[in-house]
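The values are calculated or read from the model by the stated rules, or taken from the named source; none is laboratory data. Everything quoted here is computed from the prediction, not taken from an experiment. Using ideal geometry, Cβ is built from the backbone for each residue, glycine included, and neighbour counts are taken over all protein chains shown. Each accessible area value is taken on the protein alone, full model and side chains, heavy atoms only, with ligands, DNA and RNA left out. Shrake-Rupley method; radii C 1.70, N 1.55, O 1.52, S 1.80 Å.
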Amino acid sequence: MKRVLLLARHDFGHALRDRLVWGAVILLGLMYLPTAGPTQQRPFIEYLFLVPYSLRKLSLVVVAAVGYNAIAGERVAQTIQFILGLPSTRRDLILGKTVSRTTIIVIAIGTMLLIENYLLVQEFGQQHFLPFWTMGVWMILYVIVWAAVAIGYSAASLSGYRTLLLLLGTYFLFSPNHGLWGIVVRPVFSLLATGSLSSPTYETLATAPFWLRITERFNPIVAFWEAMRWSVHTVGPGTPSGSLVLNLFGTVVFLGFGALPLLLGYRRFRRQELCGELMSGQTRLRRYIYAAFASAPTVLPQLEHWTGSRFWVLFYQDLKQTFRSWVTVGSIAIALAIISPSLLRNISPDPRFGMVGTLTWLPGMFSSACLIIGVSLGHRAIAGERVSKTHRTVLGLPVIRREFVFVKVFSRIAGALLILLPLVGLIEALVILQFGRAFPVLFFMWAGLITTFTIFWTTVAIGISAVTSTSYRSIAGCFAVYLFYSSSFGVWAWGVRPLLVALSGDGVSGSTVSQIQHEASVVQFIDHLNPFLAYQTIKEGLFILVDATPGVATLSVPLFLFSISALLFTSGSSLYLGYRRFKKSDL
């Protein structure tokens with residue numbers, strides 16, 4: 001036990017010096033605290049359940065940052081042999097990592113809960129202390145369970161990337177709203193219980209059929225939520241819904257969800273060799289590039305004969321290496337897991353919007369998928385070469401840095417097109433099947449919008465990758481951009497836009513997008529420097545041109561053109577600044 005505590009104390013100090021951990025905690029605060037506290041005179045019980053509803057998603061950012069590299073990072077850095085050479089076992093290492101990383105996560109979430117408790121006392125007084133901290137204990141248990149999952153995955157994985165992909169895949173499997181649970185698992189149980197793939201609708205789980213109440217508690221996220229609600233209603237206002245036995249069963253499932261990956265990760269870690277080749281992917285890339293320049297006239301005779309340029313050789317090799325990456329393949333799978341449930345539910349004629357109006361929702365469904373695909377393709381474009389030292393290999397050949405960056409941009413954009421083309425074709429086939437005919441003009445519009453937003457994120461990620469020194473910082477930079485411009489909880493929503501309204505002096509009544517658009521033209525244009533808002537305006541403008549959104553205001557041509565310029569400026573400036581920084585960097 002002393003060895004476990006010693007390893008935990010050492011790892012705790014090491015993790016606190018990690019800027020990624022601090023960045024994740026700060027990110028959690030920036031995303032959560034602006035919306036913390038009672039608002040709009042909500043009753044206590046409604047406000048109370050909004051706290052875990054927000055924290056259960058946002059807390060996973062901290063869980064992933066703290067836990068994904070717990071064991072895999074030691075393996076990649078070759079420090080694990082040193083640690084296990086000391087008088088400690090692999091079990092001691094797993095337990096020590098679990099204690100230290102869980103402590104960090106609990107401190108971060110506990111701080112958020114303490115701030116919420118202070119705001120709650122200011123609004124409702126101290127009589128609701130017990131219900132709030134009943135919820136708080138469940139929320140702390142929630143992050144502990146997810147931390148165990150992350151550490152178990154890290155112990156079983158050879159790299160931090162695989163751990164992140166496993167975490168994302170697990171969340172999107174069990175996510176009740178956006179995951180595969182509602183589209184795959186629940187229909188299978190429904191078929192076994194009722195003979196139909198369609199599940200019955202219910203207002204609360206307590207009013208659902210008995211077989212469905214049991215089925216849903218096999219989902220650890222649903223089991224946590226129902227057990228937490230039952231506990232809060234037991235000690236506070238409201239009436240407990242559901243039986244004690246079912247909630248105890250759900251609690252066991254939820255705790256098992258954390259224990260099973262940790263146990264399996266330990267068993268796999270115990271049987272693994274620690275001295276295997278960990279940089280095989282970078283070694284293969286180095287060999288590919290050498291082989292390309294050594295035998296390009298024989299390997300690619302037609303290509304060399306056509307162009308006579310090194311550009312296409314590097315382009316081909318980088319594109320091939322991109323699709324051999326686990327990160328790219330896993331990101332494609334996650335993107336499909338995100339959009340599939342929404343597509344299958346919403347691609348059908350809706351009488352409220354008409355046949356044409358229904359299709360205008362497609363670009364919005366793809367927003368998250370475009371982000372994931374773009375970041376996965378761009379974040380390692382240059383930072384990954386720098387970390388693996390292969391940029392020295394490439395730039396040691398007859399190629400300059402400008403060509404190197406251009407190759408990366410064009411190959412990653414080509415990779416995005418290769419990913420989207422079959423996906424867009426499949427969706428168009430589904431549209432024809434559901435609607436009975438094709439809509440060629442709308443097809444080119446929504447497909448072009450999806451492609452544009454994916455290329456936007458790819459170029460932004462490549463620019464950040466050229467600036468940063470590691471792939472993980474590149475990912476953090478991409479999500480910092482997302483956090484800054486997000487219209488719902490980003491810095492632009494609660495910081496920049498209210499500042500624009502305050503400085504406008506045009507009598508704007510509020511800081512929402514609609515109020516700005518209708519009341520202050522100058523602020524309206526400045527607000528569209530936000531690329532997300534610019535993309536939204538471009539999307540609405542294109543659909544207005546073909547009369548696909550009846551009842552929507554007329555198109556403002558200057559604002560539409562300004563929005564296109566803003567989107568191009570953001571992606572172009574990211575690439576330019578990244579290239580300038582990379583050009584001056586010491587290799």
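Return a yes/no flag: does the stretch 444-451 have any residue that is in contact with a Pro (Cβ under 7 Å, 6 or more places away or on another chain), buried (at least 20 other Cβ atoms within 10 Å of the Cβ) and at pLDDT 90 or above.
Our first condition is that a residue be in contact with a Pro (Cβ under 7 Å, 6 or more places away or on another chain); within the stretch 444-451, this holds for 446, 449-450.
Checking which are buried (at least 20 other Cβ atoms within 10 Å of the Cβ) leaves us with 446, 449-450.
Still in the list and also at pLDDT 90 or above: 449-450.
Yes; the residues of the stretch 444-451 include at least one that is in contact with a Pro (Cβ under 7 Å, 6 or more places away or on another chain), buried (at least 20 other Cβ atoms within 10 Å of the Cβ) and at pLDDT 90 or above.
Can you confirm whether W211 is hydrophobic (A, V, I, L, M, F, W, C) and within 30 Å of W133 (Cα to Cα)?
Criteria not met by W211.
Can you work out which of the residues in the stretch 402-420 that are modelled with pLDDT of 85 or more and farther than 15 Å from T322 by Cβ is least open to solvent (accessible area, probe 1.4 Å)? Break it down stepwise before answering.
At the first step, the residues of the stretch 402-420 found to be modelled with pLDDT of 85 or more are 405-420.
Narrowing the set further to residues that are farther than 15 Å from T322 by Cβ leaves 405-406.
Working: V405: 8, F406: 104 Å².
The extreme case among them is V405.
For the stretch 212-229, give me each residue that is open to solvent by 40 Å² or more (accessible area, probe 1.4 Å), closer than 17 Å to R56 by Cα and more than 25 Å from the chain's Cα centre (by Cα).
R229
Looking at (1) open to solvent by less than 70 Å² (accessible area, probe 1.4 Å); (2) at pLDDT 80 or above; (3) of a type outside the set (D, E, K, R), which is the only condition Y576 fails?
Unmet condition: (1).
Given the residues V481, V467, V460, V501, which is the only one that is modelled with pLDDT under 85 and hydrophobic (A, V, I, L, M, F, W, C)?
Just a single option satisfies the conditions, and that option is V501.
Consider the stretch 111-159. How many of its residues are over 22 Å from L5 (Cα atoms) and of a type in the set (G, A, S)?
So the answer is 5.
Those residues that are open to solvent by less than 10 Å² (accessible area, probe 1.4 Å), within 18 Å of E74 (Cα to Cα) and not polar (S, T, N, Q), I need them from the stretch 131-156; list them, please.
Within the stretch 131-156, A147, V149, A150, I151, G152, A155 meet the criteria.
Is it true that I455 is open to solvent by less than 30 Å² (accessible area, probe 1.4 Å), of a type in the set (V, I, T) and in a helix (DSSP H, G or I)? Don't jump to the end; show me each part of the working.
Details: open to solvent by less than 30 Å² (accessible area, probe 1.4 Å): no; of a type in the set (V, I, T): yes; in a helix (DSSP H, G or I): yes.
Here the answer is no, as I455 does not meet what is asked.
Output the number of residues of the stretch 1-31 satisfying the condition of being farther than 26 Å from A476 by Cβ and open to solvent by 40 Å² or more (accessible area, probe 1.4 Å).
Within the stretch 1-31, residues that are farther than 26 Å from A476 by Cβ and open to solvent by 40 Å² or more (accessible area, probe 1.4 Å) number 6.
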